[in-house]
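Working notes, beginning with the structure itself.
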Amino acid sequence: ELRYTGRKVPRGDLPAKVRGEPVFASDVERPNMVYACARLSEVFGAELDGFDRESATAVSGVLDVVAIPGGAAVVATNSWAAIRGAEALRIRFKPTSHDKLDSAAISREMRAGLGEGAQPINARADGDWAAAKGSATRIVAADYEVPYLSHAPMEPWNCTVEFGDDGEVHIWAPVQTQDRNRNAAAAAAGVPADKIRLHTTLLGGGFGRRLGSDGIAAAVVTAKAVKRPVKFFWRREDEFGQGWYRPAQAARLQAALDADGRVTGLHVRTAGPALSASFSPQGLPAGQLDGSSVQTIRESRYKPAAFHVEWVRVDQPVPMAPWRAVGATQNGYFLECFVDEVARAAGRDPYQLRRELLAHDPRALNVIDTVAKAAGWGEPPPKGRARGMAFVECYGSLCAEVAEVSLRDGRPFVHRVVCALDCGSIVLPDGVRSQVEGGIVQGLSAAMGEAVGIANGRAVDRNFDTYPLLRITQSPARIETIIIEAGEAMGGVGEPPLPPLAPAVVNALVALTGRPI
């Protein structure tokens with residue numbers, strides 16, 4: 001009867017949250033519980049070689065040191081003693097083949113994948129690109145690159161493990177996948193999966209970070225060794241240093257233009273590590289396509305006469321996991337910035353060029369027309385400001401954003417973001433607006449300064465002092481959300497508003513300064 005869907009309905013979870021009642025993994029306590037702080041290898045994937053137990057047990061409150069996958073756990077009567085013991089622990093790790101890896105080498109390898117000698121995997125082959133390129137009046141080309149990104153959750157990894165007298169193992173953990181973590185715990189405990197009782201707490205920040213099971217096995221091994229309930233946790237530096245990142249990626253885009261400035265062909269090649277090779281339990285066999293590496297470009301609604309997309313796999317030892325909106329954050333940035341570059345080269349308005357590329361698609365046209373009208377596209381912006389547009393489709397939803405940007409002391413400031421979102425049918429309008437606002441803020445944070453640097457086989461940026469998140473004073477002054485009720489099948493809302501933000505801001509900056517980014 002639609003008494004609730006599509007209407008303003010109070011959220012039942014808010015009063016408890018205001019009172020601070022929801023339970024996070026950090027809040028869980030068990031009788032006779034001890035605390036275990038992980039001391040992990042800083043170099044990705046390095047194996048434990050040994051440690052000096054007495055260097056940690058000399059710290060007051062430390063009870064034991066347990067070898068775990070990737071390092072050791074210092075067990076203590078309280079969390080502070082466990083942290084101090086972990087910092088005091090003299091620990092050794094075996095050398096790896098990538099002990100000298102750095103960001104510059106990763107960049108060189110990815111950019112080499114964009115060259116002629118690479119062996120790409122085809123992802124899309126509409127029309128004849130070679131013919132479009134051969135007959136073009138002009139070819140526009142640009143290379144782009146994005147870095148590894150941390151999920152940077154407020155709550156570092158932790159969970160509580162308790163072995164019961166009945167043979168069951170209880171785990172209180174902030175996880176986004178239950179079967180995967182249950183199976184990992186069973187393997188570490190040496191019990192059948194039906195003996196694992198997984199109690200899922202609130203996440204303290206997920207964004208894809210809690211989809212894996214990288215912290216579960218070590219916690220179970222520790223609790224099994226000390227034969228007491230254990231609250232197992234990582235330090236913030238380990239959350240940053242071993243936290244599974246959004247992949248770095250590079251791309252080369254080319255557009256063929258005719259004499260009238262119309263796009264007759266597009267060619268995109270991306271190059272970088274395969275997310276599924278790192279994150280999927282099955283890995284990624286050689287020769288198979290990593291879907292996230294071409295996400296949104298492979299399915300793009302833009303339809304020039306020729307549109308080819310390909311990917312070159314460039315493996316790296318850096319651990320990776322889905323990051324909010326996954327490959328759409330990289331590829332949406334590449335394609336939408338490039339559309340503006342093509343428009344400038346052709347002397348075209350970037351909004352009108354998008355309309356031309358989407359002329360066959362009424363639903364997509366409605367989204368970009370809606371955002372353009374609401375943002376005042378075509379009208380002069382306030383003095384010292386410029387506007388930029390981007391359109392990205394992912395997770396079944398179409399999203400267009402216009403950002404109005406200026407420079408303050410040489411740094412970008414976003415005054416206004418207008419978002420038009422077609423996610424099909426909706427249930428809770430307030431929930432949609434919350435996700436739009438959160439996605440825009442997180443997308444701006446990533447664009448403004450987030451990046452994980454790599455040096456000597458490890459992450460350089462290991463805390464908030466060198467990995468800056470967006471401050472309230474840097475957030476957009478206004479965010480306006482327009483929900484388009486299309487009557488289509490439901491699409492996602494948590495992820496689609498994030499990818500258009502970075503290219504919309506960059507396109508505004510290029511319009512403001514004339515310098516491509």
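The values are calculated or read from the model by the stated rules, or taken from the named source; none is laboratory data. Given the structure is predicted, the values throughout are model-derived calculations rather than measurements. Cβ placement follows ideal geometry from the backbone for every residue including glycine, while neighbour counts extend to all protein chains displayed. Only protein heavy atoms, including side chains, enter the accessible area calculation; ligands, DNA and RNA are left aside. Shrake-Rupley method; radii C 1.70, N 1.55, O 1.52, S 1.80 Å.
Determine the alpha carbon to alpha carbon distance for each of 303/383; 100/231; 133/373; 8/373; 94/195 and list only those over 28 Å.
303/383; 100/231; 133/373; 94/195
In nm², what is the average projected area of the convex hull enclosing the Cα atoms of region 405-517?
Approximately 9.2 nm², given one-decimal rounding.
Could you order peptides 286-292, 180-186, 299-305 by the average number of other Cβ atoms within 10 Å of their residues, highest first?
Packing order, densest peptide first, comes out as 180-186, 299-305, 286-292.
When the Cα centres of region 144-197 and region 1-47 are compared, how far apart do they sit, in Å?
Rounded to whole Å, the Cα centres lie 13 Å apart.
Using the Cα atoms of region 245-331, I'd like the radius of gyration and the largest Cα-Cα distance, Dmax, both in angstrom.
Rg, Dmax (Cα atoms, Å): 14.6, 50.
If you bin the C-alpha pair distances of the chain every 10 Å from 0, what whole percents do you get?
4, 17, 26, 24, 17, 9, 3, 0
Sum -39500 (n - 2.57) across every DSSP H segment of at least 4 residues in the chain, then divide by the residue count to get the 222 nm mean residue ellipticity, nearest 500.
Calculated at 222 nm, the ellipticity per residue is -8500 deg cm²/dmol.
Given the peptides 416-426, 246-256, 454-464, arrange them by the average over their residues of other C-beta atoms within 10 Å, most packed first.
246-256, 416-426, 454-464
Please report, largest first and rounded to whole Å, the three semi-axes of the ellipsoid equivalent to region 1-144, where each semi-axis is the square root of five times an eigenvalue of the C-alpha gyration tensor.
Semi-axes (√(5λ), whole Å): 49, 36, 11.
Out of all Cα-Cα pairs in region 198-272, roughly what percent, to the nearest whole number, are more than 13 Å apart?
Beyond 13 Å sits 80 percent of the P(r) for region 198-272.
Could you tell me the center-to-center distance, by alpha carbons, between region 471-501 and region 298-342 in angstrom?
One Cα centre to the other: 20 Å.
Quick one: with all protein chains in place, what share of the accessible area of region 69-202 is carbon or sulfur, to the nearest percent (1.4 Å probe)?
Whole-percent figure for carbon plus sulfur exposure: 50.
Work out, in µm²/s and without decimals, the Stokes-Einstein translational diffusion coefficient of region 271-405 at 25 °C, 0.890 mPa s, Rh from Kirkwood over C-alpha pairs.
Taking Rh from Cα pairs, D becomes 148 µm²/s.
Once a ≥ b ≥ c are taken as the square roots of the eigenvalues of the Cα gyration tensor of region 350-393, is the result rounded (a/c under 1.5), prolate (a/b larger than b/c) or oblate (a/b not larger than b/c)?
Prolate, since a/c reaches 1.5 and a/b exceeds b/c.
Got the relative contact order for region 312-433 handy, in percent, Cα pairs under 8 Å and 6 or more residues apart?
Relative contact order, region 312-433: 18 percent.
Can you give the Rg to Rh ratio for region 70-214, taking only C-alpha atoms and Rh from Kirkwood?
1.15
How large is the translational diffusion coefficient of region 456-517 in µm² per second when you combine the Kirkwood radius over alpha carbon pairs with Stokes-Einstein at 37 °C and 0.692 mPa s?
208
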